[in-house]
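> Have a look at this one before I ask anything.
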Amino acid sequence: MVATAAALTLLAGCASNATPQARPQQTQQEQQHDGTLPNRESAADESEPSGEHTPDHMGMPPPYEPQPLWPESGVVEFPHEVGDGFTGGTDVNVTTFFVSSVYTDNDYNLLSVRVADNFYGYNARDYSYSNLHYVDGVLCGGNGGSSESEIYSRTCWIIGTDGETWMTSYSADISYEDLAGYLRVVHDALVANAADIS
């Protein structure tokens with residue numbers, strides 16, 4: 001009986017992997033235009049951190065004027081290159097709280113980028129990140145790692161008038177300066193796309 005259950009589980013796993021999808025299935029409550037976030041009012045979860053609509057700067061307001069990140073269509077388009085051989089941004093993952101994509105280079109380094117129509121992640125920085133500081137106008141901080149030799153995540157954020165964009169790297173070879181520069185490329189593309197009403 002155990003062998004039969006294991007075989008059925010294996011077959012079910014194979015069947016579900018037969019047609020991979022770039023984007024996860026959305027529930028009926030979440031279904032909207034392809035690439036858009038669901039309605040935040042209907043998807044709100046009381047267990048989520050407070051501060052959905054107002055950024056909490058924790059005494060570190062951005063040294064720039066926030067601009068809109070989301071185009072009127074609600075579909076985020078990431079640039080295909082961010083510099084230094086990092087390409088990607090084409091496979092987009094849509095979740096309840098943000099849209100994400102990844103960039104990779106020839107050395108298998110990975111950059112994870114997300115854009116949200118809220119400030120949950122930005123407002124929760126003090127719970128997970130240390131060494132918060134601005135790098136060329138981009139707020140950055142680290143998560144984990146107890147020494148300089150350990151590989152830990154580095155994350156940088158840029159807020160807009162209608163949400164936030166943030167990028168994370170887990171490579172010790174990618175400095176805060178590099179990461180801030182890559183995020184700036186994505187941010188500038190998002191702002192330009194949001195401003196293009198044609």
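The values are calculated or read from the model by the stated rules, or taken from the named source; none is laboratory data. None of these values were measured; they are calculated from a predicted model. A quick note on method: Cβ atoms are made from the backbone with ideal geometry, for glycine too, and the neighbour counts reach across all protein chains shown. Protein only, heavy atoms only, side chains kept; ligands, DNA and RNA dropped before computing areas. Shrake-Rupley method; radii C 1.70, N 1.55, O 1.52, S 1.80 Å.
> Could you check region 62-96 and list, in sequence order, the residues that are more than 28 Å from Tyr108 (Cα to Cα) and of a type in the set (D, E, K, R)?
Glu65, Glu72, listed by residue number.
> Report whether or not Tyr134 is farther than 17 Å from Asp162 by Cα, open to solvent by 40 Å² or more (accessible area, probe 1.4 Å) and assigned to a strand (DSSP E or B).
For Tyr134, the condition - farther than 17 Å from Asp162 by Cα, open to solvent by 40 Å² or more (accessible area, probe 1.4 Å) and assigned to a strand (DSSP E or B) - is met.
> Within region 61-72, identify whether any single residue is at negative phi and assigned to a strand (DSSP E or B), and answer yes or no. Steps first, please.
Here is the first cut: in region 61-72, the ones at negative phi are 61-72.
Among the residues that remain, those that are also assigned to a strand (DSSP E or B) are: none.
Within region 61-72, not a single residue is at negative phi and assigned to a strand (DSSP E or B).
> Also: If Arg114 satisfies every condition in (1) at pLDDT 95 or above; (2) assigned to a helix (DSSP H, G or I); (3) open to solvent by 40 Å² or more (accessible area, probe 1.4 Å) but one, which is the exception?
(2)
> Can you spot a residue in region 148-158 that is among the acidic types (Asp, Glu), assigned to a strand (DSSP E or B) and either over 12 Å from the mean Cα position of the chain (by Cα) or crowded, with 20+ Cβ neighbours inside 10 Å (or both)? Reasoning before the result, please.
Step one: list which residues in region 148-158 are among the acidic types (Asp, Glu), which gives 148, 150.
Pick out the ones that are also assigned to a strand (DSSP E or B) and you get none.
Checked against the condition, which is being among the acidic types (Asp, Glu), assigned to a strand (DSSP E or B) and either over 12 Å from the mean Cα position of the chain (by Cα) or crowded, with 20+ Cβ neighbours inside 10 Å (or both), region 148-158 yields no hits at all.
> I've got another one for you. Just checking, which of Ser128, Ser169 is open to solvent by 40 Å² or more (accessible area, probe 1.4 Å) and small (Gly, Ala, Ser)?
Ser128
> Something else now. Does region 118-131 hold any residues that are assigned to a helix (DSSP H, G or I) and more than 24 Å from Leu69 (Cα to Cα), and which are they?
Initial filter on region 118-131 (assigned to a helix (DSSP H, G or I)): 120-123, 125-128.
Once the filter is applied, which keeps residues that are assigned to a helix (DSSP H, G or I) and more than 24 Å from Leu69 (Cα to Cα), region 118-131 yields Tyr127, Ser128.
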